[in-house]
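Participant: The following block contains the structure, expressed as structure tokens.
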Amino acid sequence: MRNKITVLTMAVLLLLLAGLSGCAAQSSVAGKEATIRNRADQITENILQAMNNADYTRYSESFDEPMKRALPEEKFFEVNEAIKAKIGTYLTKEFVNMETQGIYTIVLYKARFSDEPEGVIVRSVFSGPAENIYVSGFWLDSPNLRK
């Protein structure tokens, strides 16, 4: 009888430990996602504010090397003026969704710009470790931008 109680107690303890380790793993993933989301929010806000101020240094400070090569300073000014002419200046943003695809984390926002009544979808693509993510892609989409 005593052996059955000991075996039962051990089985219960093992189940509890297995459950706790699963919670720890979920907590770790949630913590990583929260860190990425927080950094993504800050970086995206910085990019959008830099667009308003035509500040390439601030705009590109979190870009990875391929992004910096794809959008050098001269091209930034040209593209930024074309965007402002169609949708105006950035006002606010609201988080929509975040998903992971391979090594990339894609974060979507709905943003308000002064001359775009329909709103603007902002897509920021990040790579790298949660604490030190880099922008690997950045797109804006709206009805006025598609004209």
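Participant: Select from the stretch 104-138 the residues that are touching a residue at least 24 places away in the same chain (Cβ under 8 Å) and under 15 Å from residue 60 (Cβ atoms) and list them in ascending order.
Facilitator: Once the filter is applied, which keeps residues that are touching a residue at least 24 places away in the same chain (Cβ under 8 Å) and under 15 Å from residue 60 (Cβ atoms), the stretch 104-138 yields 124, 126, 133, 134, 135, 136, 137, 138.
Participant: Return a yes/no flag: does the stretch 30-53 have any residue that is of a type in the set (Ser, Thr, Tyr) and open to solvent by 60 Å² or more (accessible area, probe 1.4 Å).
Facilitator: Within the stretch 30-53, none of the residues are of a type in the set (Ser, Thr, Tyr) and open to solvent by 60 Å² or more (accessible area, probe 1.4 Å).
Participant: Are there any pairs with C-beta distances below 9 angstrom linking a residue in the stretch 72-94 that is free of Cβ contacts under 8 Å to residues at least 24 places away in the same chain to a residue that is assigned to a helix (DSSP H, G or I) and surrounded by fewer than 16 Cβ atoms within 10 Å (Cβ to Cβ), with the two at least 6 apart or on different chains, and if so which?
Facilitator: 73/57
Participant: Run residue 69 past the list (1) at pLDDT 95 or above; (2) under 30 Å from residue 118 (Cβ atoms) and report the number of the one that doesn't hold.
Facilitator: For residue 69, the failing item is (2).
Participant: Only one of 131, 94 is among the charged types (D, E, K, R), open to solvent by 80 Å² or more (accessible area, probe 1.4 Å), at pLDDT below 95 and under 26 Å from residue 30 (Cβ atoms). Can you tell me which?
Facilitator: Within the list 131, 94, the selection yields 131.
Participant: Now, a different point. Do the conditions hold for residue 86, that is, is it touching a Leu at 6+ places or on another chain (Cβ under 6 Å) and of a type in the set (D, E, K, R)?
Facilitator: Spelling it out, residue 86 is indeed touching a Leu at 6+ places or on another chain (Cβ under 6 Å) and of a type in the set (D, E, K, R).
Participant: With the condition kept exactly as written, say whether any residue in the stretch 62-72 is of a type in the set (Lys, Arg) and either in contact with a His (Cβ under 6 Å, 6 or more places away or on another chain) or more than 22 Å from residue 145 (Cβ to Cβ) (or both).
Facilitator: Yes, because at least one residue in the stretch 62-72 is of a type in the set (Lys, Arg) and either in contact with a His (Cβ under 6 Å, 6 or more places away or on another chain) or more than 22 Å from residue 145 (Cβ to Cβ) (or both).
Participant: Which numbered condition in (1) open to solvent by 80 Å² or more (accessible area, probe 1.4 Å); (2) farther than 20 Å from residue 133 by Cα is the only one that residue 88 fails?
Facilitator: For residue 88, the exception is condition (1).
Participant: Filter the stretch 117-128 for residues that are open to solvent by 30 Å² or more (accessible area, probe 1.4 Å) and closer than 15 Å to residue 35 by Cβ and give the result.
Facilitator: 128
Participant: Quick one: in the stretch 58-77, of everything that is open to solvent by 60 Å² or more (accessible area, probe 1.4 Å) and touching a helix residue (DSSP H, G or I) at 6+ places or on another chain (Cβ under 8 Å), which residue is nearest to residue 140 (Cα to Cα)?
Facilitator: Selected residue: 77.
The values are calculated or read from the model by the stated rules, or taken from the named source; none is laboratory data. This structure is a prediction, so every number in the text was calculated from the model and none was measured. Glycine also receives a Cβ, built like all others from the backbone with ideal geometry; neighbour counts cover every protein chain displayed. The protein model used for the area step is the full one, side chains on, heavy atoms only, and it has no ligands, DNA or RNA in it. Shrake-Rupley method; radii C 1.70, N 1.55, O 1.52, S 1.80 Å.
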